[in-house]
Amino acid sequence: MTCRRRSARAVRSDHRASTLRERAPVACQTRSCFTWRMEIADVRFVEVDGFAIAWQQFGAGPDCLVIPPLVSNIELYWEHEFFRRWMEFHARHMRVTHFDKRGIGLSDRADQMPSLEERIHDIAAVMDAAGLERAHVFAMSEGGLMAQLFAARYPERVERLVLVNSLTIGYPVADAAADATAGRFDRLIEEWGRDPHFFLEWFSPSQATNETFARWWLRLQRQSATKAEFARQVASVVALATERIDPDFVASIVAPTLVINMTRDQVVESASGDWLAARLPNATRVTFDSDDHFFFAGDHWFEMITLVVEFMIGAPVHAPSERKLAAVVFTDIVGSTAATAAAGDAAWSAALDEHDTIAWAASDVYCGTIVKSTGDGLLVYFDSPHAAIGFCRDLRIGLDQAGLRIRAGIHAGEIEVRANGDITGIAVNLAARIEQSAHDAAIYVSSTVRDMLLGGETCFEDRGEHVLKGFDHPWRLYELTS
C-alpha cells in the first residue's frame, strides 16, 4: 500500500455532507510487523438525537466493536505508539470499529450527563452506521460496564465479548474503599488538563516516570474533555452504579465472554472480575500480573491483545518476527538539562510537546515508523536512507524554528522487526552509537548510508574514523551538510 500523508476528514455517516469538521492532520501510520502499512481511516459521524457521534473503522476480517473507557479521542490515539501498536495489531486480524462517546473526544459535547438509555442507543447507532449487524465487542474500564449492559439488551448483536478491567454493578465495595476512590476522582478532576502525573500514578503506574508519555497524555486529556466535561463523565459512572439495575442482569448475557483483569490494578479490583466471571453463563477468566489499569501502556499489552484476538477469531495468531533492510535513526535534543534549568519546567515541557508534534509531522511525510521515545529523542526507522535523511533534515529545520537543537545518527542495514513492533539488531545498535558520536546539532551517518546515496544531491563531510562502543573495528562517519 502506498503510504501518503493525509488529514483526517470528518464525514457524516449518511453522506449528506462531505465535511462536518476539519481536524488536525493525522500521522501516516506505518508501524507494525511484516512491512504491513495501514492508512488512517476517515473519522465519520452518525447523528443520534441531535448529537454527532464520531466513529472510525479500520482493518480487515471479522468485525470487532471497541467501546471506549471513561475518556477517548479516536483521532489522537494514532499519534502515540502505545495506542497505535495494539490497534494496528488488532487490525491485522479483524475489522475494528471504535468511537468517542457522547460528550467526549470528537463527538458533540453534552451539557448533561448521558442517561443509560442514551448510552445504549449510541452504541447501537454506531453499529448501524458502520454496517455491523453483529460483532465481537471489546471494552475496558467504564466501557466494560456499557458492553455488559449492551450485550444483555441486544444479545443478537454480540458475537463474543471481551471485558478488560471492567466496572461491574453489584460487586460489594467497603465504604472506606469507596470513599478513597471518590477522593481520588476529585483530585483527577481538579488536575484535569493541567497535571497528568497523579492520573498516570493511579491508572498506569508503569509509565508514571515516563515524561514523554505524560506530555502526550496531557494532550489527550485536553483534547478529550474539559475539566467540567470530565467531571460529568465521572458523575455519570457514579449515576450508573446507583441506578436500580439488577446485578443479576449479567446472567442473561449469552455471548462467550473473556474477563481479563490486572492483579494489582488500583482502579478496579481484580477480585471484581472473579465476581463477574462467576455470574456470567459462559465466561473465561484470565489475569495478568500487572498494576496498569490501562493495559496498552503495560508490559503485557502484546500478550493480552494476542489472547483477545485469538479468543475472538477462534484460531491461533501466528506472529513471528521479520528481518528487513531499513534505515534506522536515533535523535536526541542537545542540552536538554541546561535548557530545563534556564526555561523552567513548565516552559520546557511546552517545548518538548512542540518537539513531539514536529517529529510526528516529519515522520508522517517520509512514512517513518516511530518505535519509541527515548527520553529527549526518538528511535525511528524508514524504508530507505533517502527518507531517513529527509526526516532528519526537516526535523532539524522545524526544531530550529522552535528554538531546539538535535543531533542524530543514521545507519542502514538489516533489522529484526518483532511482532510487538520493537526493533533489534546490529544496525539499531550502530545507529545509536553514531548519534552519540555526533557533535551538537549535527546529523551523522555511517559510511554505508553515505555510499548508498552517492551520485545524489545529498552532500556529506568526512568526519573520520570513530571507535564505537561495542564494535571491534572503527567506523568512518560523515556529517550531513545539505
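Candidates LEU240, LEU258: the one that is modelled with pLDDT of 95 or more and buried (at least 18 other Cβ atoms within 10 Å of the Cβ) is LEU258. A single entry from GLN266, GLN223 fulfils the requirement of being touching a residue at least 60 places away in the same chain (Cβ under 8 Å), in a loop (DSSP other than H, G, I, E, B) and surrounded by fewer than 21 Cβ atoms within 10 Å (Cβ to Cβ): GLN266. Just one of the listed residues (ARG134, ARG109, ARG160, ARG184) is crowded, with 18+ Cβ neighbours inside 10 Å and touching a residue at least 12 places away in the same chain (Cβ under 8 Å), and it is ARG160. Contact map, the stretch 64-86: residues that are among the acidic types (Asp, Glu) paired with residues that are part of a loop (DSSP other than H, G, I, E, B), Cβ distance under 7 Å, separation 6+ or inter-chain. Pairs shown: GLU75/LEU106; GLU79/ALA27; GLU81/ARG31. Each residue in the stretch 351-409 was checked for being assigned to a loop (DSSP other than H, G, I, E, B) and over 22 Å from the mean Cα position of the chain (by Cα), and 6 pass. Only a single criterion out of (1) closer than 28 Å to THR306 by Cβ; (2) of a type outside the set (Lys, Arg); (3) surrounded by fewer than 18 Cβ atoms within 10 Å (Cβ to Cβ); (4) modelled with pLDDT of 90 or more is not satisfied by VAL428, namely (3).
Within this structure, ARG95 fails the test of being touching a Ser or Thr at 6+ places or on another chain (Cβ under 8 Å) and either under 18 Å from ARG160 (Cβ atoms) or not assigned by TED's automatic domain parsing to the domain that holds THR369 (or both).
Applying the criterion of being in a helix (DSSP H, G or I) and modelled with pLDDT of 95 or more to the residues of the stretch 278-306, the residue that is surrounded by the most Cβ atoms within 10 Å (Cβ to Cβ) is ARG279. For ASP451, the conditions (1) of a type outside the set (A, V, I, L, M); (2) in contact (Cβ under 8 Å) with a residue 40 or more places away in the chain; (3) in a helix (DSSP H, G or I) all hold with the exception of (2).
The values are calculated or read from the model by the stated rules, or taken from the named source; none is laboratory data. Every value quoted in this text rests on a predicted model; they were computed, and no experiment measured them. As a convention, Cβ positions derive from the backbone with ideal geometry for all residues, glycine included, and neighbour counts pool all protein chains shown.
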